[in-house]
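Data first, discussion second: the structure below is written as structure tokens.
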Amino acid sequence: MLPFHSPSPHDVKVAVSDPVVAAQLSAGLDQQAPGSFDIIPVKDADAAKHKVTGRDAVAAYSVEGNKAVLYVAKADGTYLEQAATTTFTGIAKQGGQKLSIVEVAPTAKGDVTGTGLFYMAMVWNIVPYISVMMLMRAVTVSRRVKLLTLAGIGAFTSVVGYLVGLSMDIVPNQPLAVLYAFMITQAVAWVTYGLVPFVRQFIPGVAIGLFVLLSIPSSGGAIPYQLVPGFFRALHPVMPLGNLIDALHGIFYFGRQDLLRPTLVLCAWLVAGAALIGAGFVLERRKAAQAEAVDGAPVEERLEEPIEDPTIETPQPHATSPGHRWRLGEQPPMLVGTVRTPEGAPVPQVGVTILGPTGHQLLRTVTDHEGRYAATALPQDFVTVLLLSNDHTPAVARLLLADGRTFRQDFVLDHRAHRPVHA
């Protein structure tokens, strides 16, 4: 709420038709409200109006004798329209002119306050972050599947969000908007996903900082960016949410004008996300190679580090049924194995203890009647599997678990030699 508590205009561009009047207004406004308005002189009323419809100004003021006309665009934001109307109503009154207000870019019928588009954009901005946080808990799903899932969620959210907005008359019928909605879903998702290997457990705070705390005040959606403090105004041209809203305004209300900058910025965020994902992949492959060099045995690719989001319940390591047939939506095991004697006979009721990378116990279970065990929700790191049995020798194995696959660790236990007891 900090940037919204006291909105005031800053460098609001207003075209004024008469150069002489423009000079007088500029001098007067600089004294009364320094830095609030940026007066653009033009030759006539048509040129002033064209500045608004061409998105070169947010309002235009024309004076002809005792009449004045203010051209405004509600599509640029209701608060901004109100600020311009209030200021120039006073100016016209001081000059003895009767002011007429002409709306040149009204919002859709269902968007009375002019903020309906912002709430649509917020869905496309927040859902990708939540999707990444949820998918990071899918410990047996590969990177490729996760990226495809994010693309599917983005496509579904973009289309459904647009259709809902269209059905409620919040936006006009311009299907090109779906493309830009999909672009921001992937930009936010890729950057969030790509940051995970680098910021680890801090990813919720980093992502919320980027795509909520910085993006919302600078977006110009709830309150036009010209009315918020300078720091957030400076962020507007580079943040994805602000560029999405600028692009949608251009598509819906200004004849698809000024789409170049929003398109390039959203593409830049996509490139940054792809670069982060690639860098994280290289980093994790390097870790896996180091682990292989230490252990002297091949290890599978590590895809992600586990993260924690306090808003989402973290799955705890637990044993699972080795013979269960896993259905869609259920969590399959990350680690399975069998315990047998050298003769191949299964060894039931063997105690299986799995230790984490720091040596703390993650879980304990026992083998079933066929000598099988299984566990899931384990960390994507080194774990130690320890087997203890009264009638067989103990065994231990250390392995590196990775996301997206099930690891098998079988054991062969020799019979324990019992010493005779002498009286």
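What to note about this one:
- Peptides ranked, highest mean first, by Cβ atoms within 10 Å: ranges 45-51, 186-192, 124-130: 186-192, 124-130, 45-51
- Comparing mean-square fluctuations of Gly371, Gly90, Gly221 from a GNM of the chain with C-alpha springs under 10 Å, the top value falls on Gly90.
- For Ala374, residues with placed amide H under 5 Å, excluding near neighbours: Thr320
- Zone residues, the stretch 150-181, relative to Glu103, backbone N less than 16 Å from point 7 Å out along Cα-to-Cβ: 169-172
- Gain upon complete extension [Met168, Leu386; 0.36 nm per residue less C-alpha separation]: 72.4 nm
- Members of Lys51/Lys93; Lys49/Lys98; Lys13/Lys109; Lys43/Lys109; Lys74/Lys109 lying beyond 22 Å, as alpha-carbon distances in this model show: Lys51/Lys93; Lys13/Lys109; Lys43/Lys109
- Placing R0 at 25 angstrom, the Cβ-Cβ distance between Ala268 and Arg144 gives a FRET efficiency of 0.55 after rounding to 0.05.
- The helix-only estimate of mean residue ellipticity at 222 nm for the chain, built from DSSP H runs of length n ≥ 4 each weighted as -39500 (n - 2.57), is -14000 deg cm²/dmol after division by the residue total.
- For Ala59, distant residues with modelled amide H under 5 Å away: Ala15
- Packing-based order for 353-359, 24-30, using average beta carbon neighbours within 10 Å, highest first: 24-30, 353-359
- Of the trypsin sites (Lys or Arg not before Pro) in the stretch 73-112, the ones in a loop by DSSP (not H, G, I, E or B) with at most 12 other beta carbons within 10 Å are Lys109.
- Between the stretch 80-95 and the stretch 211-239, the alpha-carbon center distance in angstrom: 25 Å
- Relative contact order [Cα under 8 Å, 6+ residues apart], the stretch 46-93, whole percent: 28 percent
- Take 337-345, 164-172 and order them by the average number of nearby Cβ atoms within 10 Å per residue, most first; the result is 164-172, 337-345.
- Between Leu179 and Ala33, full extension at 0.36 nm per residue minus the direct alpha carbon distance yields a gain of 48.5 nm.
- Among Leu227, Leu80, Leu413: highest mean-square fluctuation, GNM of the chain, C-alpha pairs under 10 Å: Leu413
- Across the stretch 339-354, coupling constants 3J(HN,Hα) worked out from phi with the 6.51/-1.76/1.60 Karplus curve, θ = phi - 60°, read 10, 9, 7, x, 7, x, 7, x, 10, x, 6, 8, x, 10, 10, 10 Hz, and Gly and Pro carry x.
- With a simple spin-label model that places each label point 7 Å from the Cα along the Cα-to-Cβ direction, the separation between Leu260 and Thr358 comes to 5.5 nm.
- On full extension, the segment bounded by Val159 and Val412 gains 85.6 nm, given 0.36 nm per residue less the C-alpha separation.
- Coupling constants for the stretch 216-231 follow from the phi torsions by the Karplus curve (6.51 cos²θ - 1.76 cosθ + 1.60, θ = phi - 60°), and in residue order they are 5, x, 8, 6, x, x, 6, 10, x, 4, 5, 9, 9, x, x, 4 Hz; glycine and proline get x.
- Structure-derived Cα Rg over 2.2 N^0.38 Å: which label, when the choices are (1) 1.44; (2) 0.97; (3) 1.01: (1)
- Modelled FRET efficiency - R0 51 Å, Arg398 with Thr86, Cβ distances, 0.05 increments: 0.10
Bear in mind these aren't lab numbers, they're just calculated from the coordinates by the rules spelled out. Source: prediction; values computed, not measured. Neighbour counts are summed over all protein chains in view; Cβ atoms, including those assigned to glycine, are modelled from backbone coordinates with ideal geometry.
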